[in-house]
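Enquirer: Questions regarding the structure given below will be posed in turn.
The values are calculated or read from the model by the stated rules, or taken from the named source; none is laboratory data. Bear in mind that the values here come from a model prediction, so they are computed numbers and not experimental data. No Cβ is skipped: glycine too gets one built from the backbone with ideal geometry, and neighbour counts run over all protein chains shown. Each accessible area value is taken on the protein alone, full model and side chains, heavy atoms only, with ligands, DNA and RNA left out. Shrake-Rupley method; radii C 1.70, N 1.55, O 1.52, S 1.80 Å.
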Amino acid sequence: MNKRATPRLAASAGASAALRLLAALACAATLAGCATTGEQAGAAASRDPLEPMNRAVYQFNDAFDRAIAKPTAQAYENVVPSFLRDMVGNAFGNVRDVWTAVNQLLQGKPGHAASDAWRVMINTTFGFAGLFDVASEAGIEKHNEDFGQTLGRWGVPAGPYLVLPFLGPSSLRDAPGRGVDIYADPLRTIDSHGQRNNAYLLRAIDDRQRLLDAERLVSEAALDRYSFIRDSWFQLRRNQVYDGNPPPEPEEDTEWLDELERQESGAGSAAPAPTRAPSDAPGNERR
């Protein structure tokens, strides 16, 4: 592979992961709330033992984004008409559906794999090589699966939180999975180094442009962007692994409810119900 392809490939893969992350951050913020209790902070620390290193990498990524990636995406948004941007996004989405179908099969979901393969066939044939998302218009649901989700599907725990250079949020499980995603990227089948590199670069720019609105929501919702992204990322990945229907986490999700019930129970026993005054008793009512 051409050595110049590596950073472009990494940036494109990172933008793709960030797109899925930030698109769900607003919902995650609503579910998780903005307040952080001591127990939640302890749980976050246990999942992020490398926080000093991760924060340093996050700051590097953020500086790179502010200096290069974000201005490029903003220029792309200002120059390229929206209908052309939609066609570019549809084409790259059609390519991603190929790897999604493979992961669906690896996860033991042949029905979803067939659906995603059918999407690729329809969009490639009737959507002019994926420029138009005909499958979605026909009611065929779009999925997003990667190898990290496949590992999680078969019980591999997420492990500690990691922030990768250029690639962003990850974990001990998902970092190797990201490597598999990069290696299996269908764009790698393009023979021409120049065309392949240009495809990587265009996909990275298009993905980053689609993050602009979601990024504004994150900036408004988070006091500490690093912690917000980390906690939301764990929620999002767990939701993705279980296809939107994760099992409850009693220790993390309902302990606060048990404590609230204990407080309410204690308050009820400490404050007995008021009794009626003698003059208000039913037998003493004035007639």
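Enquirer: I'd like the FRET efficiency for L84 and R216, computed as 1/(1 + (r/R0)^6) with the beta carbon distance as r and R0 of 25 Å, rounded to 0.05.
Expert: Numbers: r = 23 Å, r/R0 = 0.92.
That pair, L84 with R216, gives E of 0.65.
Enquirer: In sequence order, what are the phi-derived ³J(HN,Hα) couplings for the stretch 165-182 according to the Karplus relation 6.51 cos²θ - 1.76 cosθ + 1.60 with θ = phi - 60°, rounded to whole Hz, with x for glycine and proline?
Expert: For the stretch 165-182, the Karplus-derived couplings read x, 6, 8, x, x, 7, 8, 4, 7, 7, 5, x, x, 4, x, 5, 4, 5 Hz, x marking Gly and Pro.
Enquirer: For the stretch 92-147, with only Lys/Arg (+1) and Asp/Glu (-1) charged at the beta-carbon, what is the dipole magnitude about the Cα centre, in debye rounded to 20? List each step's numbers first, then the result.
Expert: Numbers: 4 positive and 7 negative charges, 18 e Å.
Using only the charged Cβ atoms, the result is roughly 80 debye.
Enquirer: Let's see if you can work this out: charge +1 on each Lys and Arg Cβ, -1 on each Asp and Glu Cβ, no other charges. What is the dipole magnitude of the stretch 134-220 about its Cα centre, in debye to the nearest 20? Provide the component values of the computation, followed by the final result.
Expert: Details: 10 positive and 13 negative charges, 51 e Å.
Roughly 240 debye for the stretch 134-220.
Enquirer: Further question: In cubic angstrom, how much convex hull volume per residue do the alpha carbon atoms of the stretch 53-118 span? Walk me through the numbers on the way to the answer.
Expert: On the way: hull volume 7.4 nm³, N = 66.
Dividing the Cα hull volume of the stretch 53-118 by its residues yields 112 Å³.
Enquirer: Next up: Ordered by residue, what ³J(HN,Hα) values in Hz, to whole numbers, does the stretch 184-195 give under the Karplus form 6.51 cos²θ - 1.76 cosθ + 1.60, where θ = phi - 60° and Gly and Pro are x?
Expert: Residue by residue, the stretch 184-195 yields 8, 4, x, 5, 5, 7, 5, 6, 6, 4, x, 5 Hz.
Enquirer: Taking the highest mean first, how do the peptides 157-163, 187-193 order by number of other beta carbon atoms within 10 angstrom per residue?
Expert: 157-163, 187-193
Enquirer: Could you calculate the contour length gain from A63 to N198, that is, 0.36 nm times the residue separation minus the distance between their Cα atoms, to one decimal place in nm?
Expert: Values: separation 135, 0.36 × 135 = 48.60 nm, distance 2.35 nm.
Length gained, A63 through N198: 46.2 nm.
Enquirer: Largest first, what is the accessible-area ranking of E220, E141, E51, E215 with a 1.4 Å probe? Could the numbers behind the result be given before it?
Expert: On the way: E220 150, E141 120, E51 50, E215 25 Å².
From most accessible down to least: E220, E141, E51, E215.
Enquirer: Can you pull the accessible area of F166 for me, 1.4 Å probe, Å² to the nearest 10?
Expert: 90
Enquirer: Run the simple label-point estimate for A114 and M53 please: 7 Å along Cα→C-beta, distance reported in nm.
Expert: Rounded to a tenth, the inter-label distance reads 4.6 nm.
Enquirer: Hey, what's the stretch 196-237 come to in accessible area per residue, 1.4 Å probe, Å²? Provide the component values of the computation, followed by the final result.
Expert: Working: 1710 Å² over 42 residues.
With all protein chains present, the stretch 196-237 gives 41 Å² per residue.
Enquirer: Turning to a different aspect of this structure: Given a 1.4 Å probe and the protein chains all in place, what does the accessible area of V98 round to, in Å² to the nearest 10?
Expert: About 60 Å², rounded to the nearest 10.
Enquirer: Let me ask you something else. Quick one: with all protein chains in place, what share of the accessible area of the stretch 51-170 is carbon or sulfur, to the nearest percent (1.4 Å probe)? Numbers along the way, then the final one.
Expert: Numbers: 4320 of 6200 Å².
Accessible surface attributable to carbon and sulfur in the stretch 51-170 totals 70 percent.
Enquirer: Related question: Sorted by accessible area (1.4 Å probe), largest first, how do R238, R153 line up? Don't skip to the answer; put the middle values down first.
Expert: Working: R238 65, R153 105 Å².
Largest accessible area first, the list is R153, R238.
Enquirer: Classify the stretch 161-228 from the C-alpha gyration tensor, please: rounded if a/c falls under 1.5, else prolate or oblate depending on whether a/b exceeds b/c. It would help to have the intermediate numbers written out before the result.
Expert: Values: a/c = 3.79, a/b = 1.53, b/c = 2.48.
Oblate is the answer for the stretch 161-228, as a/c is 1.5 or above yet b/c matches or exceeds a/b.
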